[in-house]
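To keep things clear, I will list the structure first and then write my remarks on it.
What follows draws every value from the coordinates through simple rules; no lab data is involved. Keep in mind the model is a prediction, meaning the values are calculated, not measured. We place every Cβ from the backbone using ideal geometry, glycine too, and count neighbours over all the protein chains shown.
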Amino acid sequence: MSDIFIYGASGHGEVVSDVAKACGYKNIIFIDDGKSNFQSFEDVKSQNHIPIAFGIGENRTRKKLFQNAENSFFEIVTLIHPSAVISSTCSIGIGSVIMPNVVVNAHSKIAKGVILNSSCVIEHDNIIENFVHISPNVSLAGNVTIKELSHIGIGSSVIQGLEIGAKCIVGAGSVVVRNIKSGVVAYGNPCKIVKEIHE
């Protein structure tokens, strides 16, 4: 392994680049459509022989850029930091990034384009759908489902057997003790819905 594109040159992109280096990539090439001192995706889209990973924390943006890379026939790589503890019975989808000290326990299913951020714990039999972001120090108990494009804020906890719907934002430090419907912002201890998200 030598070269890799990291799409997104923000702070999150820098963290992803550290994971890529820990995985053995030697030459990190940042691309960013919004920062003029980096090449844009259009500048490099003919170089699809170089694998690509995503340094974008915002879920909808990451999904859009992922689809652009897919349509341009890039090899989208999954990055798993060597310090992560991943059960051999788990499945991890393409384009997911698993940060340092993450734990993913037995029979959990991680879909594509997911971020499992530093030191989060994904207990047994979880289902984490496409383009979810699990923030640092989140703890998900067993049999939890997080639906597509949801973001679980830093330090939150979810008790066993619950489902958090699609396109939700769960605020930092929340304690989730009941199901959360799709398309809402919720936070607190206990976690409560505070508003709906209107797209």
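In this Cβ point-charge picture (+1 for Lys and Arg, -1 for Asp and Glu), the stretch 47-199 has a dipole of about 300 debye about its Cα centre. Principal-axis analysis of the Cα atoms of the chain puts helix 59-71 at an angle of about 40° to the longest axis. For the chain, what D do you get in µm² per second when you plug the Kirkwood radius from alpha-carbon pairs into Stokes-Einstein at 20 °C and 1.002 mPa s? My calculation gives 127 µm²/s for D. Full extension of the chain between E42 and E70 yields a length gain of 8.7 nm, computed as 0.36 nm times the residue separation minus the alpha carbon distance. From most to least packed by mean Cβ count within 10 Å, the peptides 182-194, 2-14 give 2-14, 182-194.
Summarising the label geometry, the points placed 7 Å from Cα in the beta-carbon direction at I197 and D3 lie 3.5 nm from one another.
Local charge sum around S108 (other residues, Cβ-Cβ under 13 Å, Lys/Arg +1, Asp/Glu -1)?
Overall, the nearby charge balance is -2.
The sum of -39500 (n - 2.57) across all DSSP H runs of n ≥ 4, divided by the residue count of the chain, sets its helix-only mean residue ellipticity at 222 nm to -4000 deg cm²/dmol. Based on alpha carbons, the Rg and Dmax found for the stretch 79-188 are 12.1, 35 Å.
Grouping the Cα pair distances of the stretch 28-104 into 10 Å bins from zero gives a pair-distance distribution of 17, 46, 28, 9, 0 percent in increasing distance order.
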